[in-house]
Every structure is written in structure tokens, then in C-alpha cells.
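Undergrad: Starting off with a structure, shown below.
The values are calculated or read from the model by the stated rules, or taken from the named source; none is laboratory data. Values in this document were obtained by computation on a predicted structure and should not be read as measured data. Note: ideal-geometry Cβ built from the backbone for every residue, glycine included; neighbour counts use all protein chains shown.
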Amino acid sequence: MGAIYILWLRQLKRYYRSRARIIGSLGQPLLFLLALGYGFGPIFEKAGQGSYVQFLAPGIIAMSIIFTALFSGIEIIWDKQFGFLKETLVAPVSRMKIMIGRTLGGATVAVLQGVIVLFIALLVGFRPISWLLVPVSLMVMVLIALLFAALGTAIASKLEDMQGFQLIMNFIIMPIFFLSGALFPLKQMPDTLLFIAKLDPLSYGVDGLHYLLTGQGALGLHFDFIVLAIVVGVLLFIGSWLFSKIEI
């Protein structure tokens, strides 16, 4: 446990040394909240769906988490190129512990990023249906962060250059995000798209946040937790296996 804690703490220190990175990662969520929230707000209200900012905020919180969690995998490639990863791997610590420590660090940073976006959403007009459910929503954020941090680690374990990682991440992120119900209600989707959305793990995270923060959802809160927990377990296993295969 000591090794996992040290690696987790190292990830936090590395991320929050860069103020520019923190501020830069908040730009896109803020743009989505303001441009889409207020731009499409009148259309959403005319359709009888209420405030679009109220609907949009949980999805944007999830978006900020997955971007931060997935791109934490870049640090593995960076460490490969500069030899830092070799120093870590030759330490008398199992690779599974190293992978878990890195994943927990990336997930913690992603959750903190999601909390910051939640506060920004409050400033632009979002209001949770119940403040008592906000701490429970943090559990959903943690599961989302763990899922995508593990995915980022798994992919980075098989790549050697950052350009390839960024291309793959962009190829993965955009379909996952747009098909998750973050920008439009799942209940209004055609059956074909709804079927595809149910294959998207982020759909269950966004749906869980919608249930807890706005009182609206389509898939079932308990089902959301079960699916997220299973996918997190599977990806942690796959990520640990791929990380153990890295050659030094």
C-alpha cells in the first residue's frame, strides 16, 4: 500500500505543479456550458425540456473527468521516452501496484477537475435537485475517473509516441462523449442510437449524474453503478496486464 500511496501522491504533485495545465483544461468545459447552455437554451425550453444548462451540466462534468483521466496516460509515454519509467519498473514493487498507483493518481486529479467544473456550473446557473445527493454524485465521478484512467493507462502501455496516443484518444473520446447522452436526452434518441449508447460506458456515468444532480435519468441508478463497477474492474485487470508487459 505504501508504494501505491507514493505513486498516487506523485501523480497529484506532477499535475498541480502546472497552473497553465489546470486553467487550460477548464477552457473547454466552460465554453460548452456558456456557448451550448445559453445558445441552445431557448430551443430546449421551447421543446418543453426546461433549462438546457440544468440538463447540460452533468454531461460537461463527466466530459472534464474523462479528458483529464484519459490523458493521464500520456505521462506513461513521456516517462518511457525519458527513462523515468525504467527507474520505476526496476524498483522492488509489483507492476500491478505501480499501475494502480498511477491510475488512482490520474483518477483523483480527474475527480478534482470534475468538482471544479461543478462549481463553475453553479456560477452559470446550474442547481442540483438536492444538495444531499451531491456527495453521492462524487461516487459516480470516481467510477468514471477510474474507468477512463485505467483505459488511458492500458492504451499508453502499448504505444511509444505521444502523437499516436493523442490521435487514438481523440478517436475514442468524441464518439464516447457524443453518444453518452451528455448533450441530448437518451429518451429522445432513435432506437438504433439508443442501442449504441447503451454500449458506451460513459452513458451510465452521465445517466447516474443526471439522476443524482437533476432527478432525471433513463437507464436506472442502480444499473448505472453496477455497469460502471464491472467495467472499471475489467479495465483495471486489462490495464494491469498490459502494463506488466512493458519491456524496459
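Undergrad: Within the group SER244, SER203, which residue is touching a Gly at 6+ places or on another chain (Cβ under 8 Å) and either among the polar types (S, T, N, Q) or surrounded by fewer than 17 Cβ atoms within 10 Å (Cβ to Cβ) (or both)? Steps first, please.
TA: Details: SER244 fails: touching a Gly at 6+ places or on another chain (Cβ under 8 Å).
Every option except SER203 fails the conditions.
Undergrad: Something else about it: When the residues of the range 189-248 are filtered to those that are hydrophobic (A, V, I, L, M, F, W, C) and not in a helix (DSSP H, G or I), which remaining residue is farthest from the chain's Cα centre (by Cα)? Working first, answer last.
TA: From the range 189-248, those hydrophobic (A, V, I, L, M, F, W, C) are 189, 193-197, 199, 202, 206, 209, 212-213, 218-219, 221, 223, 225-232, 234-238, 241-243, 246, 248; that's our starting set.
After this cut, where a residue has to be not in a helix (DSSP H, G or I) as well, the list is 189, 199, 218-219, 246, 248.
On the way: MET189: 23, LEU199: 16, ALA218: 20, LEU219: 19, ILE246: 24, ILE248: 29 Å.
So the residue we want is ILE248.
Undergrad: Please tell me if ILE176 is in contact with a Leu (Cβ under 7 Å, 6 or more places away or on another chain), of a type in the set (Val, Ile, Thr) and buried (at least 17 other Cβ atoms within 10 Å of the Cβ).
TA: Working: in contact with a Leu (Cβ under 7 Å, 6 or more places away or on another chain): yes; of a type in the set (Val, Ile, Thr): yes; buried (at least 17 other Cβ atoms within 10 Å of the Cβ): yes.
Taking the combined requirement at face value, the residue satisfies it.
Undergrad: Give just the number: which of (1) among the aromatic types (Phe, Trp, Tyr); (2) part of a helix (DSSP H, G or I); (3) closer than 14 Å to ILE60 by Cα does PHE184 not satisfy?
TA: So PHE184 meets the others, but not (2).
Undergrad: Here's something else I'd like to know. For residues that are of a type in the set (Asp, Glu) and within 21 Å of PHE119 (Cα to Cα), tally how many sit in the range 165-221. Give the steps one after another, and end with the answer.
TA: Restricting attention to the range 165-221, the residues satisfying the condition of being of a type in the set (Asp, Glu) are 191, 200, 207.
Remaining after also requiring within 21 Å of PHE119 (Cα to Cα): 207.
Residues that pass the stated criteria total 1.
Results for (1) at pLDDT 80 or above; (2) in a helix (DSSP H, G or I); (3) surrounded by fewer than 20 Cβ atoms within 10 Å (Cβ to Cβ), shown as yes or no for each residue.
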| site | (1), (2), (3) |
| --- | --- |
| GLU75 | no, yes, no |
| VAL93 | no, no, yes |
| ALA110 | yes, yes, no |
| LEU118 | yes, yes, no |
| VAL134 | yes, yes, yes |
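Undergrad: Still on this structure: Criterion first (closer than 29 Å to GLN216 by Cα and either in contact (Cβ under 8 Å) with a residue 60 or more places away in the chain or surrounded by fewer than 17 Cβ atoms within 10 Å (Cβ to Cβ) (or both)) does LEU151 satisfy it? Don't jump to the end; show me each part of the working.
TA: Details: closer than 29 Å to GLN216 by Cα: yes; either in contact (Cβ under 8 Å) with a residue 60 or more places away in the chain or surrounded by fewer than 17 Cβ atoms within 10 Å (Cβ to Cβ) (or both): yes.
When the stated conditions are applied, LEU151 passes them.
Undergrad: Restricting the search to the range 193-233, which residues are in contact with a Leu (Cβ under 9 Å, 6 or more places away or on another chain) and free of Cβ contacts under 8 Å to residues at least 12 places away in the same chain?
TA: Once the filter is applied, which keeps residues that are in contact with a Leu (Cβ under 9 Å, 6 or more places away or on another chain) and free of Cβ contacts under 8 Å to residues at least 12 places away in the same chain, the range 193-233 yields LEU194, LEU199, GLY217.
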